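Novice: My questions will all concern the structure given below.
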Amino acid sequence: MMEDILHSTPGNDVPDNHIAGFFETHDGLALRYAIFRSPVSIAKGTIVLLQGRNESIEKYFETIRELTEQGFWVATFDWRGQGGSPRLIADHSLGHVHRFADYEKDLEAFLEKIVLPDTRLPFFMVAHSMGALIALSTAPRLANRIDRIALSAPLLELSDRRPSSHTIMRVARFLRLFGLGRKALSKSRPHTEFAGNVLTSDPDRYARNRAIVKAHPEFALGPPTASWIDECLRAGQRVSTFSHLDKIMVPTIVLAPTQDAVVSYPAIERLSRYFRAGHFIPIDGAKHELFQERDRYRAQAMSAVLAFLPGS
């Protein structure tokens, strides 16, 4: 049965020694999750791995395998509206969320229903992009549950572009006011060719991740809706304030790829100046998806994470 929940593709096998299933959210959705046990007899703890937008558990098999080989268990799940979890609107090609707080409640439910009863202490968190934004937003309430947090390219603002992140947010909010929150701001579809992609400079990992979506097109997402943009960019502004950062007591590292064309590197750098519990680590030359990057960049990110987690 578990083989039907997680999916192997050529060169991307499901890691051994795992369990998979679904857990229920506060509003009755069944989100897909998996726990991967370490082959090491005495585990160093459990890493809660939080994905970015338009990602799935399958995309992280390589990273999960590396973390379990280091002695950690890994617990992860697909956010509502993406991967193997239920879509929220009739147009399944759009990335959507009704309220950013729904993401936070999903994380809280995962910690309470799956991580706490079924995995090994101590607990750590590794989060990418949208997942890193959710981790940052939830962090003031995590002090007694999560020992350390590693954030990769947190989605605070969109990368430098025209129109600006602020303008895009205003347009998205305007559409929501007129009942058009489920509409996308553009008709663009995801870039499918390696040349010109903004995610990674590694052609092999890019091809591997494209093969996952080709084999399971139900995982694919197109552009985000106005509601998603408005909710996430407003959350990005909120978590960047000193009043929010000052409430975070969990030691944190913030990994920032300097060639990120998805989220704003300067915004991450600014956040780190006011983040007393956080330590800023730039990854020079890397693109947005640090855990999917070529070895020279990915190794820096993984080494920083493993050096930061106790027992590594």
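Novice: Past the 30 angstrom mark, what percentage of all C-alpha to C-alpha distances in segment 2-308 do you count?
Specialist: I get 26 percent for the Cα pairs in segment 2-308 exceeding 30 Å.
Novice: Taking the alpha carbon gyration tensor of segment 46-99, what are the square roots of 5 times its eigenvalues, largest first, to the nearest whole Å? If you can, show how the numbers build up before the last one.
Specialist: Details: eigenvalues 143, 20, 10 Å².
With the √(5λ) rule applied to segment 46-99, the semi-axes are 27, 10, 7 Å.
Novice: Same structure again: For Tyr274 and Ala195 in the same chain, what is the full-extension length gain: residue separation times 0.36 nm, less their Cα-Cα distance, in nm?
Specialist: Extending this stretch completely gives an extra 24.8 nm.
Novice: In segment 2-308, what is the count of Lys pairs whose alpha carbons are under 29 Å apart, counting only pairs at least 8 residues apart or on separate chains?
Specialist: 19
Novice: What is the fewest-to-most order of Glu193, Glu58, Glu289, Glu112 by other Cβ atoms lying within 10 Å of their Cβ? Write out the running numbers ahead of the final one.
Specialist: Working: Glu193 8, Glu58 25, Glu289 29, Glu112 12.
Neighbour counts put them in this order, fewest first: Glu193, Glu112, Glu58, Glu289.
Novice: I would also like to ask the following. What is the fewest-to-most order of Val262, Val48 by other Cβ atoms lying within 10 Å of their Cβ? Walk me through the numbers before you get to the answer.
Specialist: On the way: Val262 17, Val48 26.
Starting with the residue having the fewest Cβ neighbours, the order is Val262, Val48.
Novice: Could you tally the net charge around Gln300, taking each other residue with its Cβ under 12 Å from the Cβ of Gln300, Lys/Arg +1 and Asp/Glu -1? Show your work: numbers first, answer last.
Specialist: Working: positive: Arg294, Arg296, Arg298; negative: Asp284, Glu293, Asp295.
Here the count lands on 0.
Novice: Right, here's the next one. Helix-only mean residue ellipticity at 222 nm, the chain, DSSP H runs n ≥ 4 weighted -39,500 (n - 2.57), per residue, nearest 500. What is it?
Specialist: Helix-only estimate at 222 nm: -9500 deg cm²/dmol.
Novice: Another question, then. Spin-label point model (7 Å from Cα, Cβ direction): what's the Lys187 to Ala90 distance in nm?
Specialist: With each label point 7 Å from Cα toward Cβ, the separation is 1.9 nm.
Novice: Any idea what diffusion coefficient segment 12-120 gets from Stokes-Einstein, in µm²/s, Kirkwood Rh on alpha carbon pairs, 37 °C, 0.692 mPa s?
Specialist: Answer from the Stokes-Einstein relation: 229 µm²/s.
Novice: Over the chain, what is the relative contact order in percent, taking alpha-carbon pairs closer than 8 angstrom and at least six residues apart?
Specialist: 19
Novice: Could I ask something else about it? Assuming 0.36 nm per residue, please report the length gained on full extension of the stretch Ser243 to Asn17 beyond their Cα-Cα distance.
Specialist: The Ser243-Asn17 span can extend by a further 77.1 nm.
Novice: So what's the net charge close to Gly131: Lys and Arg +1, Asp and Glu -1, counting the other residues with Cβ under 13 Å from its Cβ?
Specialist: For residues surrounding Gly131, the net value is -2.
Novice: Another question, if that's okay. Among Asp27, Asp16, Asp202, which one shows the biggest mean-square fluctuation in a GNM of the chain, springs joining Cα atoms closer than 10 Å?
Specialist: Result for the chain, Cα springs under 10 Å: Asp27 fluctuates most.
Novice: For segment 19-30, just list the computed ³J(HN,Hα) in residue order, Karplus coefficients 6.51, -1.76 and 1.60, θ = phi - 60°, integers in Hz, with x standing in for Gly and Pro.
Specialist: Working through the residues one at a time gives 10, 9, x, 9, 10, 9, 8, 4, 10, x, 7, 10 Hz.
Novice: For segment 136-198, what ratio Rg/Rh do Cα atoms give with a Kirkwood hydrodynamic radius?
Specialist: Taking Rg over the Kirkwood Rh, I get 1.10.
Read-outs throughout are calculated quantities, based only on the coordinates presented, and are distinct from any laboratory measurement. Computed from a predicted model, the values in this text were never measured in an experiment. All Cβ positions, even for glycine, are placed from backbone atoms using ideal geometry, and neighbour counts span all protein chains on display.
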